[in-house]
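A short worksheet on the structure shown next.
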Amino acid sequence: MTSASVRYIVRALAAVTILLGCGVAYAHGIAGEDQAFLLRATGPHIGPYVYLGAKHMVTGYDHLLFLAGVIFFLYRLKDVALYVTLFAVGHSTTLLLGVLAGWHVDAFLVDAVIGLSVVYKAFENIGGFRRLGFEPSTRAAVLFFGFFHGLGLATKLQDLALSKDGLVTNMISFNVGVEIGQLLALGLMLIAFNLWRRSGAFFRYAFAGNVALMAAGFVLAGFQLTGFFAA
């Protein structure tokens, strides 16, 4: 590894740590006017819930970091569609079941697993499992971690004690919004990745980029585990 690559990794790790350290507590949070609306709303509110779902996904950098890891080395749209669909099936399932069935799990632990999902995917991207002589199924892993990402969304909605009146309609609407937000974010990420790949610098910095993703995942998981043990 060249000295330039080392400097790039150090700068990337520093930037990721600062950014996540400033805002990690809000990775799944719903606050301000959005929270006030959810607390007072009764009955079906399709439009607002679609909007809130889309907003939550677009601003949920833990989800976006995992998606970035998933598509990092995917070049064909059909492969992107397959893995994003698996992720969507996973988080849609636990988002809906978590809220509608009243599953109660510790939000800190769920969010810690979400952070580790970023670590897992980045480690896989740099060939870590291959070096260990073990190659787990990428498809199964994306679906598996998708369940935790959906459960993370569900825990934050459960904290708000949503009205039972219109809950099914509202949760379906929220999930539709999450998928819309995911598609919007995915489109922007694909554009960014394509530009990066055409620049000629992609393969020089792909390893460093995934190391930065791993660092971000560890920071996310570390903050959440600290919150769990301090609670």
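The values are calculated or read from the model by the stated rules, or taken from the named source; none is laboratory data. What you see is a predicted model; the values in this text were computed from it and never measured. Virtual Cβ from ideal backbone geometry, glycine too; neighbours counted across all protein chains shown.
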- [ ] State which residue pairs qualify: first residue within 16 Å of residue 151 (Cα to Cα) and inside the stretch 45-65, second residue of a type in the set (Asp, Glu) and part of a helix (DSSP H, G or I) in any location, beta carbons under 9 Å apart, and separation of 6 or more residues or different chains.
- [x] 53/179; 56/34; 57/179; 62/111
- [ ] From the list 123, 174, 108, 148, pick out the single residue that is within 23 Å of residue 67 (Cα to Cα), surrounded by 17 or more Cβ atoms within 10 Å (Cβ to Cβ), within 12 Å of the chain's Cα centre (by Cα) and aromatic (Phe, Trp, Tyr).
- [x] 148
Open item on the list: From the list 155, 138, exactly one residue is closer than 15 Å to residue 66 by Cα and either under 20 Å from the mean Cα position of the chain (by Cα) or surrounded by fewer than 20 Cβ atoms within 10 Å (Cβ to Cβ) (or both). Which is it?
Closed with: 138
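Confirm whether residue 43 is modelled with pLDDT under 95 and in a helix (DSSP H, G or I).
On the way: modelled with pLDDT under 95: yes; in a helix (DSSP H, G or I): no.
The answer is no for residue 43.
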Task: Scope the stretch 124-175; condition farther than 17 Å from residue 100 by Cβ and hydrophobic (A, V, I, L, M, F, W, C); matching residues - done: 126, 129, 132, 134, 140, 141, 142, 143, 144, 145, 148
Task: Single match in 193, 207 (criterion: assigned to a helix (DSSP H, G or I), over 18 Å from residue 152 (Cα atoms) and over 18 Å from the mean Cα position of the chain (by Cα)) - done: 207
Task: Residues that are among the aromatic types (Phe, Trp, Tyr) and surrounded by fewer than 18 Cβ atoms within 10 Å (Cβ to Cβ), drawn from the stretch 52-85 - done: 73, 75
- [ ] Could you grab me the full set of residues in the stretch 135-176 that are part of a loop (DSSP other than H, G, I, E, B) and within 22 Å of residue 79 (Cα to Cα)?
- [x] 135, 136, 137
